[in-house]
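What follows is calculated from the coordinates using simple rules that are stated; it is not laboratory data. Note that the structure is predicted; figures quoted are calculated from it, not measured. We place every Cβ from the backbone using ideal geometry, glycine too, and count neighbours over all the protein chains shown.
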Ligand code: ATP
């Protein structure tokens, strides 16, 4: 068998308990070599523990973890072909940027000239050319994060573990760094395993993501699969916004007494007497509220049997659009392909 088919990381029935807390509950998944894989979930759902299990900072209570096909039971962190980038950067404040980046090579006794050459290469990769001699205290948060990334990448690990690495940055910088991280990952071709509770971040960067809830994985898939076909009500609500339809509304729009999820931007508001295109479901209601959100407006509609949220792009100036005023009678139409049946969590 060639190495190409061997996953970079594989969990097989892994469980990790801390006293009474089941932090990771019988989790199995695998990450392909070269993949940008995110672990997404709310606080306490077990993502960081999974990352620490890969790094070797935690041991599973039961189950197995393989890194590139090798069972890593009993293998200490420094012998695993992985590096971790932490949210707080963990840079050495007394060392220069160059010294921080070269640290791993120094430990491995790589000659000074070679260290310097590779550190300069890394500085170029993370767009910090010319900052070799600075101290971490003289850098911005975003620059420190780049140093931490360079310091991990210079060791050429086969798997890079990133624990909320952009969590301390402001929104604008975070968005810019997301695009850059993804570009760097493509350039170096290393497997990235990325922990975040930010669904936008996971959707924008990942090849695939795993959605964690209470120590379990509820769904694994590409961003579009997870967003368009959420497997459970939890995934539908955590990844983006959703309308969960139950009871009469479910029967009416979905056709069966099941639970369905419909994204607010997939529902269209039309005139109360408008024709319903074939393949679409419809329901009539009254506008309850309109919230102006800049690029979009969120319209809550009191439909027969419950509230439905609709998000409309403000192409014509938004809240001023005719008919979007509280009390207005409207018809909602939605393509049946966007009404997703979801099943209860395990
Ligand atoms: P966050 O986004 O807040 O970091 P997380 O999804 O990464 O959350 P974990 O840090 O993996 O979650 O924690 C999962 C559960 O295990 C939590 O209930 C947490 O309190 C518990 N836990 C984690 N580490 C320990 C520990 N060393 N001792 C005791 N309990 C722990």
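Things to note:
- Put simply, when 216-224, 47-55 are sorted by average Cβ atoms within 10 angstrom per residue, most first, you get 47-55, 216-224.
- Gap separating the Cα centres of segment 85-117 and segment 282-302, nearest whole Å: 54
- Between residue 75 and residue 186, the contour length at 0.36 nm per residue exceeds the Cα-Cα span by 37.1 nm.
- Length-normalised contact order of the chain in % [C-alpha pairs under 8 Å, at least 6 apart]: 16
- Cβ-Cβ FRET estimate between residue 124 and residue 20, R0 fixed at 45 Å, reported to 0.05: 0.35
- Between residue 337 and residue 325, the contour length at 0.36 nm per residue exceeds the Cα-Cα span by 1.5 nm.
- Additional length obtainable on full extension of the chain from residue 302 to residue 90, 0.36 nm per residue less Cα span: 71.2 nm
- Peptides 326-336, 35-45 ordered by average Cβ neighbours within 10 Å, highest first: 35-45, 326-336
- In degrees, nearest ten, helix 171-188 long axis to first principal axis of the chain (Cα): 60
- Cβ-derived FRET efficiency at R0 35 Å, residue 43 paired with residue 133, nearest 0.05: 0.35
- Beta-bridge orientation, the chain: approximately 75 percent antiparallel, per DSSP, counting only bridges with both partners inside.
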